[in-house]
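The values are calculated or read from the model by the stated rules, or taken from the named source; none is laboratory data. Since the model is a prediction, treat every value here as computed from it, not as a measurement. Methodologically, a virtual Cβ is constructed for each residue, glycine included, from the backbone with ideal geometry; neighbour enumeration extends over all protein chains shown.
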Amino acid sequence: MLKRNWRVILVVCGLILALTPNLYGADKVLFPYQDPQLPIEERVEDLLSRMTLAEKVGQMTQIEVARLMGRDQWDRGPLNNTWLRNILRDNVVGSVFSGGGSAPVPNTPRDWAEMTNAIQAYALEHSRLRIPIIYGVDAVHGHNTVLGATIYPHNIGLAATWNPELVRKVAEAAANDVAATGVHWNFAPVGDLGLDMRWGRFYETFGEDPYLAGEMAAASVAGFQSEPRVAATAKHFVGYSEPEQGQDRANAELSLRSLREVHFPPFEKMIEAGVATFMPNSGTVNGVPVHASHYLLTEVLRNQMGFDGVVVSDWEDIVKLYSTYRITDNYRDAIRLSVNAGVDMSMVPHDAKGFTSNLISLVEDGLVSEERIDEAVRRILTLKFKLGLFENPFVDPEQADKVILNANRDLAKRAALESMTLLKNKNNILPLAKTTGSILLVGSNAHSITSQMGGWTIGWQGADNPWELPPAVTVRDGLLAALPKADIHFTADLNRALQLADEAEVVIVVAGEGAYAEMHGDNLEPSLNQADKDLIKALSAEGKRIVLVLIGGRPLLITDIVDQVDAILMAFYPGTEGGSAVADVLLGSYNPSGKLPFSWPRSTAQLPQRYNHWITSSYDPLYPFGWGLSYTSFSYSNLKVSNRVKLGETVEVSVRVENRGKMVGEEVVQLYLSPSHGPTLPRQRSLVGFAKIQLEPGERKTVTFQLGFQELASIHGDILGDGEKAVAPGEYTVSVGGLQNKFKITP
Ligand code: GLC
């Protein structure tokens, strides 16, 4: 039924396209904007000059695809001609996106390509100037809404790899899949930080540190945009990740110093990486909704940071200015506030007419200037020209399945392997011998594809439809494949587990969290479920050797069970190949190299618990930032630093690292800086460099770092935090691998 619909639409649109004067093709260029030989700036100005106000406002409107489908705006189903006409003809909407889990039915790569082609064909056919739409999606860990696409670890796990090149490759692979389905815009990566374990979006971040998160986010942007047909999005600008009580979209009280030192850097790194678009923080900072903050969206983002791309709102966040944040009492004024603050496109996401009619009337009443409209539309058209949408608006559905299905499973495995972080390994119980003959496998995440993927997978809240579970190797699958001759008893029943425990050489408990997204993941006490805790307690009382594997998106409260287990492996949300990666680590086929990209609190009473804390506050986590064990041992020596440099000069630091064990291993060399004094209260230490190296047994390498302005500067000035960013003369300590050395910066 559905396929026939799309095919009918395609055939009809194809016929219309064939019959109307073909405005495309170099030999039939009618207007300058259609000439691909001309500079994009010229094409934009020519097209802009031909557009009506209604057409311009239509370009600033983004509608969720479910509005074009099925029976209502939440339904998935065949494209609905009435709504295609309403959205793409009557309101000449310029952008469509798939939120959360909006996908065609059936949900295959080919059906995605046919859906986006059909929408594009209808849009072109009903656009007087034949302006193509731009289609957006949240491909935050692979093309995760498409059934059959390879799913990678979520960002928090990718951050634990401390391998930006790997992160870039993962993003590149995801972008290729996105492009293959006729999607052009990826609402990723995040620049938010993992600062509060109670926040439901912790796992979407690259961890707590601005430097590490910035490097990873920039690598992600480079990967996504290495596919010339895909634009990335720096989100959610800014200060989103410190909501009160860790409650998603609660207000965040942040000093300007904190914004500048902690929250801005990852976004600045993404701008340096050439990110094409931005999405504002959905919440409020210091009582101001960011979607209405001219200071953040224009003064900081445009005038200070120099970003000149498109700013698209987050979901319904202009509406929320009056409905939730109550900074005005009506929608029309909310649109005025947001567009004048700097939002170029509204992710409405359903009521096109409500947005377009109000914005048109605001312009007619002089409350939003035509210049501001032109500025926004100029950015949007520039994006569409840069993506080649005017010349290549369609994708080949015949290629989609071939490109996407089962693609890059080896890359997914590599990413999962390098994300695995060994937190505890008492008496070196790990790696298990490959001759292990009997294992008891228990725990709610031992054989759960849904948990293994986490949120933003097929559905917004995760793959929760049994009929739409993505292909994956669970931990149970991985162990069975790795130990075909072993007795691997798998049970969810506590009594059965106790019976089986006697003959098991080792117990593996796979626990942690299920799948969730956004506010649905907010949790004041994130921990394991009680059944898993009871299993651990009972099996520990039996004196069994227990390996705990955690699948989840954040540091969990495990202080009460950490002494009941012999080893703990944090697997994060490892994706499609998660189970085979866990098996390889447990059996020593891969030597774990992951390092925590966040601090692991003992309790939420400790929050905030950050390694780069002020020198006046304490730091006593269960596991510190940068923590992770290996099956081999690395020694550090020869820490050298240029001991006196003048202001403005670069400081060179080098250290020698040796693999003193019997297994090849990868080590993350982490360089920290501690000022002895500063223009303001110093932080205990800050990460200013890292390098991941692989060393064979007995091999040693010297790693060298260069510290420049970006690494050495701090914010000067008084309490407002608006002072200059500068390098302060004085004494500094560098620390790496347990070694320390000092240097002086002289005026
Ligand atoms: C959500 C998220 C944002 C996402 C958008 C579209 O509410 O905040 O990260 O890109 O909606 O799905």
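Of the candidates Ala171, Ala113, the single residue that is closer than 22 Å to Ala407 by Cα, within 16 Å of the ligand (Cβ to nearest atom) and in contact (Cβ under 8 Å) with a residue 40 or more places away in the chain is Ala171.
Scan the range 120-147 residue by residue and report those that are away from the ligand (no atom under 16 Å from the Cβ) and within 20 Å of the chain's Cα centre (by Cα). If the condition is that a residue be away from the ligand (no atom under 16 Å from the Cβ) and within 20 Å of the chain's Cα centre (by Cα), then Leu147 is the only one that fits.
Of all residues in the range 673-708, exactly one satisfies the criterion of being surrounded by fewer than 13 Cβ atoms within 10 Å (Cβ to Cβ) and hydrophobic (A, V, I, L, M, F, W, C), namely Leu681.
Which of the following residues is within 30 Å of the chain's Cα centre (by Cα), over 29 Å from Ser282 (Cβ atoms) and assigned by TED's automatic domain parsing to the domain that holds Lys426: Tyr516, Tyr590?
Working: Tyr516 fails: over 29 Å from Ser282 (Cβ atoms).
Selected residue: Tyr590, the only one of Tyr516, Tyr590 that is within 30 Å of the chain's Cα centre (by Cα), over 29 Å from Ser282 (Cβ atoms) and assigned by TED's automatic domain parsing to the domain that holds Lys426.
Could you please let me know if Asp308 is farther than 19 Å from Arg257 by Cα, in contact with a helix residue (DSSP H, G or I) (Cβ under 9 Å, 6 or more places away or on another chain), within 15 Å of the ligand (Cβ to nearest atom) and in a loop (DSSP other than H, G, I, E, B)? Against the criterion (farther than 19 Å from Arg257 by Cα, in contact with a helix residue (DSSP H, G or I) (Cβ under 9 Å, 6 or more places away or on another chain), within 15 Å of the ligand (Cβ to nearest atom) and in a loop (DSSP other than H, G, I, E, B)), Asp308 does not qualify.
Listed by position, the helices (runs of 4 or more DSSP H) enclosed by the range 427-532 that each have at least 2 residues that are away from the ligand (no atom under 16 Å from the Cβ), exposed (fewer than 15 other Cβ atoms within 10 Å of the Cβ) and polar (S, T, N, Q) are 494-501.
Considering the range 152-162 alone, what residues qualify as being assigned to a helix (DSSP H, G or I) and away from the ligand (no atom under 16 Å from the Cβ)? Steps first, answer last, please.
To start, the set of residues in the range 152-162 that are assigned to a helix (DSSP H, G or I) comprises 155-159.
Within the range 152-162, Gly157, Leu158, Ala159 meet the criteria.
The set of residues in the range 203-235 being of a type in the set (S, T, N, Q) and either within 15 Å of the ligand (Cβ to nearest atom) or touching a strand residue (DSSP E or B) at 6+ places or on another chain (Cβ under 8 Å) (or both) consists of Thr205, Ser220, Gln225, Thr233.
Residues that are of a type in the set (Gly, Ala, Ser), more than 21 Å from the chain's Cα centre (by Cα) and buried (at least 22 other Cβ atoms within 10 Å of the Cβ) within the range 277-320 comprise Ala292, Ser293, listed in sequence order.
Would you check which residues across the range 163-197 are assigned to a loop (DSSP other than H, G, I, E, B), touching a Gly at 6+ places or on another chain (Cβ under 8 Å) and not aliphatic (A, V, I, L, M) and list them?
His184, Phe187, Gly191, Gly194, Asp196
Is there a residue being part of a strand (DSSP E or B), more than 31 Å from the chain's Cα centre (by Cα) and farther than 28 Å from Asn427 by Cβ anywhere in the range 661-683?
yes
Within the range 693-722, the only residue that satisfies the criterion of being assigned to a strand (DSSP E or B) and in contact with a helix residue (DSSP H, G or I) (Cβ under 7 Å, 6 or more places away or on another chain) is Ile715.
Which of the helices (runs of 4 or more DSSP H) found entirely inside the range 2-121 contain at least 2 residues meeting this: surrounded by 15 or more Cβ atoms within 10 Å (Cβ to Cβ) and modelled with pLDDT under 85? Qualifying helices (runs of 4 or more DSSP H): 2-19.
Listed here are the residues, each with its yes/no results for (1) touching a residue at least 24 places away in the same chain (Cβ under 8 Å); (2) in a loop (DSSP other than H, G, I, E, B); (3) over 25 Å from Met216 (Cβ atoms); (4) not assigned by TED's automatic domain parsing to the domain that holds Trp162.
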| site | (1), (2), (3), (4) |
| --- | --- |
| Asn612 | yes, yes, no, yes |
| Ser617 | no, yes, yes, yes |
| Leu639 | yes, no, yes, yes |
| Val645 | yes, no, yes, yes |
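So for the range 385-397 (the condition being within 30 Å of Asp72 (Cβ to Cβ), outside the structural domain of Gly579 (by TED's automatic domain parsing) and either out of contact with any helix residue (DSSP H, G or I) (no Cβ under 6 Å at 6 or more places or on another chain) or aromatic (Phe, Trp, Tyr) (or both)), does at least one residue qualify? There is at least one residue in the range 385-397 that is within 30 Å of Asp72 (Cβ to Cβ), outside the structural domain of Gly579 (by TED's automatic domain parsing) and either out of contact with any helix residue (DSSP H, G or I) (no Cβ under 6 Å at 6 or more places or on another chain) or aromatic (Phe, Trp, Tyr) (or both). Among the residues of this structure, Arg302 counts as one that is outside the structural domain of Lys725 (by TED's automatic domain parsing), farther than 19 Å from Gly287 by Cα and not in a loop (DSSP other than H, G, I, E, B). Residue count for the range 243-278, restricted to those that are within 16 Å of the ligand (Cβ to nearest atom), touching a Pro at 6+ places or on another chain (Cβ under 9 Å) and either modelled with pLDDT under 95 or of a type in the set (Asp, Glu) (or both): 0. When we screen Gly77, Gly94 for residues that are within 26 Å of Glu468 (Cβ to Cβ) and small (Gly, Ala, Ser), the only hit is Gly77. Scanning the range 555-583 for residues that are crowded, with 23+ Cβ neighbours inside 10 Å and either on the phi > 0 side of the Ramachandran plot or polar (S, T, N, Q) (or both) returns Phe572, Gly575, Thr576, Ser580.
Search the range 243-276 for residues being part of a loop (DSSP other than H, G, I, E, B) and charged (D, E, K, R), and hand back the single one that is surrounded by the most Cβ atoms within 10 Å (Cβ to Cβ). Walk me through how you get there before you give the answer.
The initial filter retains those residues of the range 243-276 that are part of a loop (DSSP other than H, G, I, E, B), namely 243, 247-251, 253-255, 273-276.
Filter again for charged (D, E, K, R), leaving 248-249, 253.
Values: Asp248: 19, Arg249: 24, Glu253: 13.
Result: Arg249.
Determine whether Trp456 is hydrophobic (A, V, I, L, M, F, W, C) and under 14 Å from Gly552 (Cα atoms). Yes. Given the criteria in contact with a Leu (Cβ under 7 Å, 6 or more places away or on another chain), among the aliphatic types (A, V, I, L, M) and in contact (Cβ under 8 Å) with a residue 12 or more places away in the chain, does Ile151 qualify? In short, no.
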